[in-house]
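> Can you read through this structure? Questions will come right after.
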Amino acid sequence: MQKFPMTLPGLQRLEEELRTLKSIERPAVIVAIAEARSHGDLSENAEYHAARERQSFIEGRVQELEEVISAVEVIDPSTLSGDQVKFGAFVQLLDEETEKETTYQLVGQHEAEIKQARLSITSPLSKALIGKKVGDTISVPAPGGDRTYEILSVKFV
């Protein structure tokens with residue numbers, strides 16, 4: 001079985017989503033299906049079909065979350081140290097073209113959220129960063145051409 005590296009907060013977010021789906025979303029969609037059924041002919045009942053579609057999505061997501069959670073390997077970044085980029089590191093980068101500084105945390109693929117600066121360990125940028133040190137320069141292929149970044153700092157919090 002494949003293990004998924006993940007931080008504890010990432011695991012907690014997935015567990016909370018699973019609890020919400022099972023205790024709130026699933027019962028609500030069952031009620032919606034029952035109500036739509038009471039309206040008669042199901043073949044032309046848009047509410048019924050929408051509720052069934054929502055139920056299908058919820059059940060699929062519950063199954064996916066249960067599989068991922070059962071295979072999680074929690075890694076605490078605060079126990080890590082060193083000057084090399086690895087899982088859990090907060091990496092401050094300088095885009096050499098735009099001179100813009102950005103900080104990302106390298107996290108598991110199931111907890112990545114680019115808007116929250118959590119970068120998946122499987123992303124091209126993360127793969128280029130792994131094993132590098134402060135002062136190193138990396139080049140990453142991007143849709144508009146290769147992007148070059150300098151690593152300004154590596155921290156484990």
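The values are calculated or read from the model by the stated rules, or taken from the named source; none is laboratory data. A quick note: this is a predicted structure, and the numbers were derived from the prediction, not measured. A quick note on method: Cβ atoms are made from the backbone with ideal geometry, for glycine too, and the neighbour counts reach across all protein chains shown.
> When you look at residue 146, is it surrounded by fewer than 13 Cβ atoms within 10 Å (Cβ to Cβ) and more than 19 Å from the chain's Cα centre (by Cα), yes or no?
When the stated conditions are applied, residue 146 passes them.
> Does any residue of region 84-99 turn out to be assigned to a helix (DSSP H, G or I), under 30 Å from residue 138 (Cα atoms) and within 25 Å of the chain's Cα centre (by Cα)?
No: zero hits.
> Answer with yes or no whether residue 78 is within 30 Å of residue 32 (Cα to Cα), of a type in the set (S, T, N, Q) and either assigned by TED's automatic domain parsing to the domain that holds residue 25 or modelled with pLDDT under 95 (or both).
no
> Assuming residue 93 fulfils every condition listed in (1) crowded, with 17+ Cβ neighbours inside 10 Å; (2) in contact with a Leu (Cβ under 6 Å, 6 or more places away or on another chain); (3) farther than 28 Å from residue 2 by Cα apart from one, which condition is it?
The single condition residue 93 does not satisfy is (2).
> Further, regarding this structure: Given the condition free of Cβ contacts under 8 Å to residues at least 60 places away in the same chain, part of a strand (DSSP E or B) and among the hydrophobic types (A, V, I, L, M, F, W, C), answer yes or no: does some residue in region 146-153 qualify?
As a first pass, look at region 146-153 and keep what is free of Cβ contacts under 8 Å to residues at least 60 places away in the same chain: 146-150.
With the extra rule that they be part of a strand (DSSP E or B), the set shrinks to 147-150.
Right, trim to among the hydrophobic types (A, V, I, L, M, F, W, C) and you get none.
No: zero hits.
> Do the conditions hold for residue 111, that is, is it at pLDDT below 90 and in contact with a helix residue (DSSP H, G or I) (Cβ under 8 Å, 6 or more places away or on another chain)? Working first, answer last.
Values: at pLDDT below 90: no; in contact with a helix residue (DSSP H, G or I) (Cβ under 8 Å, 6 or more places away or on another chain): yes.
For residue 111, the condition - at pLDDT below 90 and in contact with a helix residue (DSSP H, G or I) (Cβ under 8 Å, 6 or more places away or on another chain) - is not met.
> Of everything in region 97-117, what is surrounded by 14 or more Cβ atoms within 10 Å (Cβ to Cβ), of a type outside the set (Gly, Ala, Ser) and over 16 Å from residue 80 (Cβ atoms)? Give them in sequence order.
The answer is 102, 109, 110, 111.
> Considering only residues that are buried (at least 16 other Cβ atoms within 10 Å of the Cβ) and among the polar types (S, T, N, Q), look in region 118-139 and name the one that is nearest to residue 12 (Cα to Cα).
Applying the filter and picking the extreme gives 120.
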